[in-house]
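Okay, so here's the structure we're looking at.
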Amino acid sequence: MELRNRFKFIMMLSAVLCMPFLASCSDDDDEDDGGGSTSGEATMTIPSSIVDGVQVSNVSGGNNLNMTYNTDGTINTATLGNMTFQFVYEGSTTAKAPQKVDASATNGRDLLKIILTDGDDYSTYEATGFKFDSNTGFLLSFTENTKESYGSDEWEKVTSKYTFSYNSDGTLKSTYWEGKYSDSDGENDNIKATKNFTYSDGNLTKAEVKDGGYGMSMSFEYKDHSLVNKFNKLIPPIAAGLSTGESYITYIFAMTGYLGNGSKLLPTKFVERNWGPAEDGDPAYDEYDTYTVSYTFDDKQHIKSIVCFDGTDDCYYLFDYLIYE
C-alpha cells in the first residue's frame, strides 16, 4: 500500500489482530506522574518492567517477532515479519547475538538510530532522536523517517514524531503522534493524534482514537482472576493497542517492555471496533470483531502460547524467552 494511503486512511491507528498497528483512550483511576518527552536521555537500559530477568526473544504466529540482544541486555536486532531492524548505538558496531546476557554488565548505552536492513515495506527507514526515562527505562519519544520510491523520480515520504507519557504505576497513559506527508507531485499533508488509555484495577480496559467522525478502539475483559500476569508481559493484541500510527518500532518496544508495565491480569476477551461516517457514496459503518483469548504456560508460568478466536478463525502466538543473568 502506498504511503499516501497509509497516512490518510490508516493514520488514525489501526488495531488489526495479528498485525502490529494501533488505537487511543483515557485513564479513569491512575494518577499521572507527569511523564512525557520533555525530559529523558538517549541511554537505553533494561526497562524496569522486566520481572526476574525474563525477556521475550521470539513470538511466532501472525507476524513473527524475533529479537537478538547485546551482552548488556540492550536490543541488537528485531525482525518482524520480513523486516529486520538494526539498533545502532554510540561507539558500537553490529554485535553478534550473545548466548548469555549479563544484566549488570553496563548501565546502558546511547541509542543513536534504528535502521531497516532487510525487508520491502519501505525503500528507506530510519528512526532517531530517542529519549528514555532515566528511572524506568521506558521510551519517551523518537522520530521516524520513511520513504517509498517508485522509479527514479517518484517518491513518498512520511516523518512521524512520537511521544509517550506514563501513569504513576508505570502503565502507559497516552501517546501522541504528529506526522507529515510529502511526495514528488508536491502534495503535503499533516496529522496529529493523541491516544489515551483507560485502566481499571491495574488492567487496561480500553484503547481508542477518534477524529472527524472516524474511530478505532480495542476493549479488553478480564474474567479469570487466576490468569495473573506474573512476568508483566504485554501480549500481542495489547501491544498492538499500545502501538502508535503505522510504526512497527512501537510494537517492538511494547513487546520488549519499553512501553511500560502490563496489566495485572491477562485478558480473556477483547473487542475491536471501527467506525466512520458516510463518505464518497459509501455508507456509514460501525463494525465489531470479538475474540476470546486462551493461554498455555510452561512449568515456570511463563506464557507458552496464546490463541485468539473470533468464532471462525483463530490467531496463535508461541513464545520463547531470554533470561537475563
Query - Counted residues, region 186-219 - those being under 19 Å from the mean Cα position of the chain (by Cα) and among the acidic types (Asp, Glu) - result: 1
Query raised in the report: Limited to region 290-325, what total is found for residues that are in contact (Cβ under 8 Å) with a residue 40 or more places away in the chain and assigned to a strand (DSSP E or B)?
Result: 15
Query raised in the report: Which one is most open to solvent (accessible area, probe 1.4 Å), of the residues in region 156-167 that are charged (D, E, K, R) and touching a residue at least 60 places away in the same chain (Cβ under 8 Å)?
Result: Lys157
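Return yes when Tyr162 is more than 19 Å from Ser48 (Cα to Cα), under 13 Å from the mean Cα position of the chain (by Cα) and not in a helix (DSSP H, G or I) and no when it is not.
Numbers: more than 19 Å from Ser48 (Cα to Cα): yes; under 13 Å from the mean Cα position of the chain (by Cα): yes; not in a helix (DSSP H, G or I): yes.
In short, yes.
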Query raised in the report: Tell me, which residue of region 125-155 that is loosely packed, with under 15 Cβ neighbours inside 10 Å and touching a residue at least 24 places away in the same chain (Cβ under 8 Å) is nearest to Ile50 (Cα to Cα)?
Result: Asn135
Query - Hey, Gly262 at negative phi and in contact with a helix residue (DSSP H, G or I) (Cβ under 8 Å, 6 or more places away or on another chain) or not - result: yes
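Matching residues to (1) modelled with pLDDT under 90; (2) within 22 Å of Met67 (Cβ to Cβ); (3) of a type in the set (Val, Ile, Thr); (4) touching a helix residue (DSSP H, G or I) at 6+ places or on another chain (Cβ under 6 Å):
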{"position": "Lys113", "(1), (2), (3), (4)": "no, yes, no, no"}
{"position": "Ala127", "(1), (2), (3), (4)": "no, yes, no, yes"}
{"position": "Asp133", "(1), (2), (3), (4)": "no, yes, no, no"}
{"position": "Ser160", "(1), (2), (3), (4)": "no, no, no, no"}
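Scan the strands (runs of 3 or more DSSP E) fully inside region 168-234 and keep the ones with 1 or more residues being touching a helix residue (DSSP H, G or I) at 6+ places or on another chain (Cβ under 7 Å) and surrounded by 20 or more Cβ atoms within 10 Å (Cβ to Cβ). Spell out the reasoning first.
Details: elements: 172-183, 188-200, 203-211, 214-221.
Answer list for region 168-234: 172-183, 203-211, 214-221.
Assess whether Thr290 counts as being open to solvent by 60 Å² or more (accessible area, probe 1.4 Å) and either in contact with a strand residue (DSSP E or B) (Cβ under 6 Å, 6 or more places away or on another chain) or farther than 23 Å from Gly215 by Cβ (or both). Write out each step before concluding.
Values: open to solvent by 60 Å² or more (accessible area, probe 1.4 Å): yes; either in contact with a strand residue (DSSP E or B) (Cβ under 6 Å, 6 or more places away or on another chain) or farther than 23 Å from Gly215 by Cβ (or both): yes.
Yes: the conditions hold for Thr290.
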Query raised in the report: Under the condition of being touching a strand residue (DSSP E or B) at 6+ places or on another chain (Cβ under 8 Å) and assigned to a loop (DSSP other than H, G, I, E, B), which residue from region 268-287 is least open to solvent (accessible area, probe 1.4 Å)?
Result: Thr268
Query raised in the report: Can Tyr248 be described as in contact (Cβ under 8 Å) with a residue 40 or more places away in the chain, open to solvent by 10 Å² or more (accessible area, probe 1.4 Å), closer than 30 Å to Glu279 by Cα and touching a Pro at 6+ places or on another chain (Cβ under 9 Å)?
Result: yes
Query - Residue among Leu227, Leu234, Leu322, Leu265 that alone is at pLDDT below 90 and more than 27 Å from Tyr176 (Cβ to Cβ) - result: Leu322
Query raised in the report: Taking Thr292 and the conditions (1) touching a Lys or Arg at 6+ places or on another chain (Cβ under 6 Å); (2) at positive phi, which numbered condition does it fall short on, given that it satisfies the others?
Result: (2)
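The values are calculated or read from the model by the stated rules, or taken from the named source; none is laboratory data. Just so it is clear, the structure is predicted and the values come from calculations on it, not from any experiment. Cβ sites come from the backbone with ideal geometry, for glycine too, and all protein chains shown count toward neighbours. Please note that ligands, DNA and RNA were not included when accessible areas were found on the heavy atoms of the full protein model with its side chains. Shrake-Rupley method; radii C 1.70, N 1.55, O 1.52, S 1.80 Å.
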